[in-house]
Every structure is written in C-alpha cells, then in structure tokens.
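Here the structure is laid out as structure tokens; the discussion comes afterwards.
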Amino acid sequence: MAAPVLIRMHEADNVAIVANDGGLPAGTVVDGLTLREHVPQAHKVALADLPEGAEVRRYNVVIGHTVQAVPAGGWVHERLLRLPPARGLEGLPIATVKPPTLPRLEGYTFEGYRNADGSVGTRNILAITQTVQCVAGVTEFAVQRIKRELLPKYPNVDDVVALEHTYGCGVAIDAPDAVIPIRTLRNISRNPNFGGEVMVVSLGCEKLQPERLLPPGSIPIGSHRSDALDVVCLQDDAHVGFMSMIESVMRQAEVHLQRLNARRRETVPASELVVGVQCGGSDAFSGVTANPAVGFCTDLLVRAGATVMFSEVTEVRDGIDQLTSRAATPEVAQAMIEQMAWYDAYLKRGQVDRSANTTPGNKKGGLSNIVEKAMGSIVKSGSAPISGVVAPGEKATQRGLLYAATPASDFICGTLQLAAGMNLHVFTTGRGTPYGLAACPVIKVATRSDLARRWHDLMDVNAGRIAEGEASIEDVGWELFHLMLDVASGRRKTWAERWQLHNALVLFNPAPVT
C-alpha cells in the first residue's frame, strides 16, 4: 500500500487534501495527524481543531466557515462549510502586479494553414453555417453524404461540419442582448480553421436572415471570389422535393471543397496559436496538478507571442481581485469588472447566485463550493499580465493573455472561445468527460493518474504524475507545449479527434424567447 499523502497548497492553509487513490481509512496516521474517519481521495482533512464558525483556508484563501466544530484529522466537506459572501467589485487592486519581463521564446513553430485575413488554422475544415435550427436535419443529411461521396476526392480537407445551433427564430431578435448569439455565430463562421470558406444554409422565413447574420464586409474575401454570400435557401422555388435540397447543398459544398483542397500547410511561428483553456468535471486536484501545468504552459505560449484565452465568469468571480491586480492597464481591469458586474446582474435576474455553479461531481471530487473551485480554476491563466478582455461572442483582436468572458458551461464556453478565434483547445478534467469540438482539436489533461489509467484512450496528458512526485509542474507544462505544436501541425491527433467526439455548439442567448 502506498504511503499516505496529504497535499497542502499554502503554509497558511488549515486543510490539506488526500492524494491517495481510494482515499485513506479512519485511524491512518499522516503528517502527525490521525484521521477520525475515512476521507475520500481529493477531499480535505482538518490540520488543526476548527471551532464552529472558524475560517477554512485553502490556497491561503478563506473558502468557507465551519457550521460546526471539526477536530484535527476530521473530514472537511461541503456540508460543513458556509459559503462566504462574494468579493465586492469596488475598491479592487488595479494593475498593481508588475511581473518581471521574461525573455521571449524564439524559434518555436508549427505547420498551419495561412488564411487571407492573416489568421492561421490548425485544421482545414469546410463549415456549413445554419441560420436557424429548422434546417439542421437537412444539413446533417447533406453533410453525411458529403463525407461519404465528396470528401474522399479532396484529401487535403480534414472534415466537413455543420454549425448546428438552436437560435434563429422564435426569439426576440431585436432585443439588446440578441447581439450576443448573432455575433457568436457570425464569428464562429469566421474561425481560422474554416479557411474563409463561408457557406450558409437558410430556411427562408426565419428571423435571422443570412444578410443579418453575415452582412457585407463581415467575411474576409480572398482574391478568388466575390463579396456575394453563398446561401442555399431551402424555401426557394427551385427546390422540388427533399433530394433537390440535398443536391443544392452538395453542389455548393464541392465548390468550397475544391478551394480548401488547394491549400497546404506552411511553417508559421508559434505566435499564430490562439489557445482556449477550460476545465470541466473539475475536482480538488484541478488546482494542484492539471491547471498549474496549463498555467505554466500559458506563460510559455505568451512568451512565444501566442494568444491564450481563459474564461468561465463564475469560476473566476471569487478571485476578481487577483485578476484586476494582474491587468496590464487600468482599462483592462475595468473591462473585467464590467463583465463580472454584467454577469452578476444576469444571475440575479434568474434568481440564482454563483453557488449554483458547483455540480455533484465537483463535490464528490472534493470541491466544497465555488470559492474553492475558483481558486483552482484561475491558475490556468499562469502569471502573465492580462492584456485584454473579449466580450461574449466577440473576436479576439490582440495577442497575449486575454480574459474571454463566458459562462462556465463547457459547451457555451467552448462555443464562445471558437467565436473568439480559437484554433486549439486545452481542457482539463478530474472527474472525466469525453468533451470534444468538431471545429477545433481538444487536448484533454487528466488531473489524476487513476483517471488517466482508466480513460487511457480519452486523456492526452496525465498531470496526475505531479501529485505522485513523478513529474514537476514545469515538466508537464513543457510536455503540453510540445504536444500543442504537434497537434496544431497535424502530426498528432487528440483522442477526441480519433474517436470523432464532438459536442454540440450552444449559443449563449440572454435575450427573451418569444
């Protein structure tokens, strides 16, 4: 049996988590403590007697107050903690942290697809945009035929995907917040992995007309084609029967496939990466292993001149003071505060608060509440200055470390990061999830070795080795950095790509449904 191990994140913490697979039984002696009861893996142990109402500290942050006395060696779980109030948005430290300037990382490259607008794709994909959910069945039928009958003729095209969503009609499309789902879908259509080849399937009578979704000038135009939007409208009189619709979609798709097939990868600097980082199915190891390794890799990417986006409003809200202090300028700090305030108001309208974020799986994995979860989530952002903020659905327009404001939902976050221009995705998980995106490679990082062993053909990187002392945060961070260059170049496929595991796009729509 492995020696019992507790992991304490900061010397001021009065709890530590159990590192051992399967947890530790009552009576185990570890670090001078005797466990009072069985404590599951990743769950917290009191390092000292905690009276009722005592502060419980992890990451040197108060994650809650005890609702009853807990003896040293006792199990500290979510039912014993009272959630502290959220940090106010006034009086925050503004651009106070000035990290030392690290030398730029030179000489790192990958093989990517250069687009007419200057962006670079890591994949060469034909995306078929839809204006409304009504056309989803027709589009999917056509896509399956395209994959069977046309795609084999064009070996340089990686895939054909339908950008299915549930928006487009039955919505208050002129409401102020409707701009969010509309610009999200518009900017996803412009994602670098689609090569500027924009094709739309429309029903005809929907509120979100093609010209509203993609107005003139919204799509970068190469020298080989005009500014005309390529639309297949199912209600056009020319369509007589279902198969005529399918033939129209396939006929137009082949035009785009021919152009995409003529593209070739070329050597580009690592600065052309636009990486979205996210966590899902998180546990108490997320902030110990996988997320710190991703944070180290984030710093490497920023030093290489790349763009890295971290997100998930409710999963950073409790650390807003950490973020505003790292803002490169007061204007960046204020933009983050505005995004947090908007989301606070959004949750209030729905009569919920940030405590609604944590899931049963999070709690089973040792995360007692959103404060503890947030402290482990933020470390994905590394230590670089935060150079900009991307509002929901907007496209990122600068390099460096960016805060892309999104809900914490895996699917909405991934969708919004795609809209921001993400061409490579890193996703950490402790409980395990088969999450994937059709539009972008997703590198999955396991927080625990037990998960990496059991899900050996779903996890790309095992960060659990950090907790076992077999690798350092820096070791895993560099491993991830090199893997990203290989995946971006097409030299390696992620497990999600190999199994073709693709979650649906989910547009964030805070506007009313009519």
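The values are calculated or read from the model by the stated rules, or taken from the named source; none is laboratory data. As the structure is a computational prediction, the values presented were derived from the model and not from experiment. Backbone-built Cβ (ideal geometry, glycine too); neighbour counts: all protein chains shown. Ligands, DNA and RNA are stripped out before the accessible areas are found, and what is left, the full protein with its side chains, is counted by its heavy atoms. Shrake-Rupley method; radii C 1.70, N 1.55, O 1.52, S 1.80 Å.
A few notes on this one:
- Amide H to amide H distances under 5 Å link Val5 with Ala19, Asn20, where only residues 5 or more positions off or on other chains count and H is placed in the peptide plane.
- Percent accessible area from carbon and sulfur atoms, segment 1-155, protein chains only, probe 1.4 Å: 54
- Antiparallel DSSP beta bridges within the chain, as percent of all bridges there, nearest 5: 40
- When nucleic acids and ligands are ignored and a 1.4 Å probe is applied, Trp342 ends up with an accessible area of around 70 Å².
- Among the listed pairs Lys147/Lys395; Lys444/Lys493; Lys147/Lys207; Lys44/Lys363; Lys380/Lys493, those with a Cα-Cα distance over 21 Å are Lys147/Lys395; Lys147/Lys207; Lys380/Lys493.
- For segment 363-514: rounded, prolate or oblate by the Cα gyration tensor [a/c cutoff 1.5]: rounded
- Relative contact order (percent, whole number), the chain, Cα cutoff 8 Å, 6+ residue spacing: 18
- The aspartates and glutamates whose alpha-carbon is closer than 19 Å to the alpha-carbon of Lys98, local same-chain residues fewer than 8 away aside, are Asp299, Asp321, Glu331.
- Against the chain, whose longest principal axis is taken from its Cα atoms, helix 473-488 shows a tilt of about 10°.
- Heavy-atom accessible surface of segment 191-347: percent carbon and sulfur, 1.4 Å: 55
- Gyration tensor (alpha-carbon) shape descriptor, segment 151-277, a/c threshold 1.5: oblate
- Taking amide H as placed 1.01 Å from N in the peptide plane, the amide H of Gly287 sits under 5 Å from none that are at least 5 places away or on another chain.
- Magnitude of the charge dipole for the chain, about its Cα centre and with charges confined to Cβ atoms of Lys, Arg (+1) and Asp, Glu (-1), is about 420 debye.
- Placed amide H near Ala127: partners under 5 Å, 5+ positions off or other chain: Val161
- Oblate is the label for segment 434-477, because a/c, from the alpha-carbon gyration tensor with a ≥ b ≥ c as root eigenvalues, is 1.5 or above and a/b does not exceed b/c.
- Based on protein heavy atoms only, the chain ends up with 39 Å² per residue of surface accessible to a 1.4 Å probe.
- Between Ala345 and Thr514, the contour length at 0.36 nm per residue exceeds the alpha carbon distance by 58.7 nm.
- For segment 1-80: relative contact order, % (alpha-carbon pairs under 8 angstrom, 6 or more apart): 29
- When each of the peptides 469-482, 179-192 is scored by how many other beta carbons lie within 10 Å of its residues on average, the order from highest to lowest is 179-192, 469-482.
- From helices alone, the chain scores -8000 deg cm²/dmol at 222 nm; the rule is -39500 (n - 2.57) for each run of n ≥ 4 DSSP H residues, then divide by the residue total.
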